[in-house]
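Structure, as structure tokens:
Bear in mind these aren't lab numbers, they're just calculated from the coordinates by the rules spelled out. These numbers come from a predicted model, not from an experiment. Methodologically, a virtual Cβ is constructed for each residue, glycine included, from the backbone with ideal geometry; neighbour enumeration extends over all protein chains shown.
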């Protein structure tokens, strides 16, 4: 039977981390995913009280949570009843049957003025482009983007630019992205990544629209002018910057992994990842001066992006920002992620860098709780 820990006994910031139920099961098998174990390790350093839970573990009536935590005495992952957290960190999604519970829970937290460590909902890409486009200090970093409303919108942009990206307003991991190229010899080539790379050619614009309509159905999508990204052979390159706040509430860069796409792929989501300095020095053969210049410009760009996003969507502890570098050396905003999975960070960087990023984030949790 679970024991109840009274709120008065806590002197540390309590952080509740929402994860999928399958992850809770793995904890109790004593085989936690690496990404969750890292958060617990950071918890030791930040000296916070941290527990994991799924939507099933919430008791809306008693305002208690059956949380999973690491018991240092038994050296096991165990369950215990916790109060609602001081700071809420949303890392997982819930099944449709539990969305009502989660929605009520989040409403309760809002009324209790519980702070959120990250955004609770995913971004609508069109809303992001629209809002950031209003920011005179940032709009020049955004490729020309419009919301698809009629076929002429796509025809006109393809005729003008020759290559565009179509992106569902809502969706992640590159699953709702199509690259379309107006071929010099006539016709169109479109490519997307669904489990594997699909590349097809059609002869007419009508054929193209049939395929696009079938792909998106009723989902809204944007049309975006393609960035002439730097490449290696037939692979495009971009960066996934993990930008966050630290224990003083300041914006800091945890890491900027560089992603190299699969050959001919329109996206870098399913890509090879490299540490920033290693990639530009060893693979791209940049000089030390060129790397320093790029780092300085990138840092200013990312701080400006983070601040611009917060102006429109409110404060947050972390954002994953996708950045393009074109062949003329210009930086571009591709998109942002409200709850980054940090796949490239874990694939490219050392344990110390990864651990420090989570320590920073938990220190920020303490900061927003105390302030």
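Computed quantities for the displayed model
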| quantity | calculated |
| --- | --- |
| Cα point-scatterer Debye curve for the stretch 148-288, base-10 log of I(q)/I(0) at q = 0.19, 0.20 Å⁻¹ | -1.14, -1.21 |
| Relative contact order, percent, the chain [alpha-carbon distance under 8 Å, six or more residues apart] | 17 |
| Gyration tensor (Cα) of the stretch 145-225, equivalent ellipsoid semi-axes in angstrom | 18, 15, 11 |
| Beta bridge orientation in the stretch 7-116: antiparallel %, DSSP, nearest 5 | 50 |
| Rounded, prolate or oblate (a/c below 1.5 giving rounded, otherwise prolate when a/b exceeds b/c) for the stretch 7-116 by Cα gyration tensor | oblate |
| Mean Cβ count within 10 Å, highest first, over the residues of peptides 197-210, 47-60 | 47-60, 197-210 |
| Between the stretch 34-55 and the stretch 87-123, the Cα center-to-center distance that results, in Å | 18 |
| Where Rh is the Kirkwood radius over Cα pairs, Rg/Rh for the stretch 58-154 | 1.17 |
| Entry for Cα extents along the principal axes in Å (calculated from the structure that is shown) out of (1) 66, 42, 35; (2) 72, 49, 40; (3) 99, 43, 38 | (2) |
| Relative contact order (percent, whole number), the stretch 9-144, Cα cutoff 8 Å, 6+ residue spacing | 24 |
| Computed [θ] at 222 nm, helices only, for the chain once each DSSP H run of length n ≥ 4 contributes -39500 (n - 2.57) | -10000 deg cm²/dmol |
| Sequence-separation-based contact order of the stretch 30-88, relative, with Cα cut under 8 Å and 6+ spacing, percent | 24 |
| Computed Kirkwood radius, in angstrom, where 1/r is averaged over Cα pairs of the stretch 243-371 | 15.7 |
| Max mean-square fluctuation residue, GNM over the chain, Cα-Cα springs under 10 Å, options 342, 351, 79 | 351 |
| Beta bridges per DSSP with both ends in the chain, % antiparallel, nearest 5 | 85 |
